[in-house]
Amino acid sequence: MIERHVTRIIHVGPLPIGGDSPIIVQSMTNTDTRDVDATVSQIQALAAAGCELVRVAVLDMAAAESLRAIRDRIALPLVADIHFDSRLAVAAMEHGAQGVRINPGNIGGRDKLRRVVDAAKSHGVAIRVGVNSGSIEKDLLRRHGFPTPEKPHALVESAMRNIGLLEEMGFCTIKVSIKASDPMTTVSGYRALSRRTDYPLHLGVTEAGGLVAGTVKSSVALGILLHEGIGDTLRVSLTADPVEEMPVAYGILRALGIRSRGPEIVSCPTCGRTRIDLFTLSREVERAVATMKSNIKVAVMGCVVNGPGEAREADIGLAGGNSVGIIFKKGKIFRKVAEDELLAVFLEELKKMDQS
Ligand code: SF4
């Protein structure tokens with residue numbers, strides 16, 4: 001049983017984050033934010049795959065001014081990612097950003113930070129304090145050294161200092177992230193931070209890598225932290241289409257028994273008994289279930305001899321044979337189908353179950 005660390009609740013737009021709200025899955029677009037059509041289309045694809053909050057990079061004034069047009073066409077709360085430039089943060093909020101991710105310490109001094117905070121207060125915008133191992137202040141690095149799993153202090157102190165800057169200005173609608181590219185530094189950093197603050201924490205491993213490396217690092221770091229009850233929102237950063245982050249994020253949450261979204265797929269690794277192209281079948285089934293909503297369990301198994309038995313807890317499954325496959329439900333044969341029709345018939349049956 002996971003006992004969740006107690007955090008206060010903030011809202012990004014209408015979305016609650018922290019407290020006992022569900023752990024939110026978020027992502028970031030990789031389109032040019034000034035290209036409204038491309039950005040909206042990627043956000044819609046992310047939303048269809050389960051993303052619940054989206055961040056866009058705001059590099060210049062034209063990008064900030066695009067936010068209104070983007071927000072008008074999407075249903076997800078919109079966060080602007082800003083580095084260094086307070087004018088962009090203020091403009092982003094004036095044009096509809098419901099959250100901004102900044103590093104208060106490098107936004108240009110107290111006066112400029114004050115303008116950002118005033119804009120956040122008047123527009124009801126949340127601020128994410130986004131510290132990562134590359135953005136730590138020099139004096140903290142001198143004092144604590146570069147963050148490591150044994151000594152993550154510089155990350156934590158940087159976050160606390162940045163939180164303090166906002167609190168001094170009477171601003172508390174804050175969430176915090178302290179990302180490192182090393183998974184175990186990320187773990188020890190968030191552990192230490194969660195003992196120091198009750199603001200909601202956004203989890204992530206920065207520069208995690210491509211689909212395989214990024215999935216492994218994020219699963220280890222986020223899995224450990226979530227299991228310890230730490231984390232209110234998360235992003236699985238991958239060097240890939242951001243839509244690919246969604247099944248990984250939900251896979252981590254599902255494996256921990258925290259949240260599930262859509263069908264769960266179990267599939268066998270194949271062996272010498274396999275007489276069917278199970279890799280293609282499995283990929284196609286994965287693609288088909290990505291936008292389904294029900295929590296059914298789906299099995300994709302390589303042989304009729306062992307498949308249905310090994311996956312008897314699945315609500316529905318397929319198993320390959322010699323030019324003929326079977327569809328089974330709860331371990332019992334439901335239909336035999338010629339191999340070349342197996343996928344189509346199976347997907348049809350799957351769709352019916354998802355909609356029932
Ligand atoms: Fe091998 Fe059949 Fe088990 Fe798949 S289900 S691993 S093909 S025995």
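Does VAL285 satisfy being within 28 Å of ILE24 (Cα to Cα), part of a helix (DSSP H, G or I), among the β-branched types (Val, Ile, Thr) and touching a residue at least 40 places away in the same chain (Cβ under 8 Å)?
Numbers: within 28 Å of ILE24 (Cα to Cα): yes; part of a helix (DSSP H, G or I): yes; among the β-branched types (Val, Ile, Thr): yes; touching a residue at least 40 places away in the same chain (Cβ under 8 Å): yes.
Criteria met by VAL285.
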Exactly one of (1) under 18 Å from GLY231 (Cβ atoms); (2) touching a Cys at 6+ places or on another chain (Cβ under 9 Å) is unmet by LEU76. Its number? (1)
Of all residues in region 226-243 being part of a helix (DSSP H, G or I) and either more than 10 Å from the chain's Cα centre (by Cα) or at positive phi (or both), which is surrounded by the fewest Cβ atoms within 10 Å (Cβ to Cβ)? HIS227
Just one of the numbered conditions (1) over 26 Å from the mean Cα position of the chain (by Cα); (2) modelled with pLDDT under 85; (3) more than 9 Å from the ligand (Cβ to nearest atom); (4) among the charged types (D, E, K, R) is not true of ASP315; which one? (2)
Failed condition for GLU150, given (1) farther than 20 Å from ARG4 by Cβ; (2) outside any loop (DSSP other than H, G, I, E, B), with all others met? (2)
Return the residues of region 162-207 that are part of a loop (DSSP other than H, G, I, E, B) and crowded, with 23+ Cβ neighbours inside 10 Å; say none if nothing qualifies. ALA180, TYR199, PRO200, GLY204, VAL205
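This table checks each residue for (1) assigned by TED's automatic domain parsing to the domain that holds LYS179; (2) out of contact with any Lys or Arg (no Cβ under 8 Å at 6 or more places or on another chain); (3) in contact (Cβ under 8 Å) with a residue 60 or more places away in the chain; (4) within 12 Å of the ligand (Cβ to nearest atom).
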{"site": "ALA240", "(1), (2), (3), (4)": "yes, yes, no, no"}
{"site": "GLU245", "(1), (2), (3), (4)": "yes, no, yes, no"}
{"site": "ALA249", "(1), (2), (3), (4)": "yes, no, yes, no"}
{"site": "THR270", "(1), (2), (3), (4)": "no, yes, no, yes"}
{"site": "THR291", "(1), (2), (3), (4)": "no, yes, yes, no"}
{"site": "VAL298", "(1), (2), (3), (4)": "no, yes, no, no"}
{"site": "CYS303", "(1), (2), (3), (4)": "no, no, no, yes"}
{"site": "ALA319", "(1), (2), (3), (4)": "no, yes, no, yes"}
Got at least one residue in region 107-122 being at pLDDT 95 or above, under 24 Å from ALA47 (Cα atoms) and either among the basic types (Lys, Arg) or in contact with a Gly (Cβ under 9 Å, 6 or more places away or on another chain) (or both)? no
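With ALA63, ALA48 as the choices, which residue is modelled with pLDDT under 95 and in the same structural domain as THR233 (by TED's automatic domain parsing)? Give the derivation first.
Details: ALA63 fails: modelled with pLDDT under 95.
None of the others qualify; the one that does is ALA48.
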Return a yes/no flag: does region 297-307 have any residue that is in a helix (DSSP H, G or I), in contact with a strand residue (DSSP E or B) (Cβ under 8 Å, 6 or more places away or on another chain) and farther than 30 Å from HIS227 by Cβ. yes
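On the basis of being free of Cβ contacts under 8 Å to residues at least 24 places away in the same chain and either assigned to a helix (DSSP H, G or I) or away from the ligand (no atom under 11 Å from the Cβ) (or both), does ARG254 make the cut? Can you show your working first?
On the way: free of Cβ contacts under 8 Å to residues at least 24 places away in the same chain: yes; either assigned to a helix (DSSP H, G or I) or away from the ligand (no atom under 11 Å from the Cβ) (or both): yes.
For ARG254, the condition - free of Cβ contacts under 8 Å to residues at least 24 places away in the same chain and either assigned to a helix (DSSP H, G or I) or away from the ligand (no atom under 11 Å from the Cβ) (or both) - is met.
Mind listing whichever residues of region 259-268 are within 12 Å of the ligand (Cβ to nearest atom) and not β-branched (Val, Ile, Thr)? Spell out the reasoning first.
Of all residues in region 259-268, those within 12 Å of the ligand (Cβ to nearest atom) come to 266-268.
Within region 259-268, SER267, CYS268 qualify.
The values are calculated or read from the model by the stated rules, or taken from the named source; none is laboratory data. Because the structure is a prediction, the values reported are computed rather than measured. Here Cβ is always computed from backbone atoms with ideal geometry, including for glycine, and neighbour counts include all displayed protein chains.
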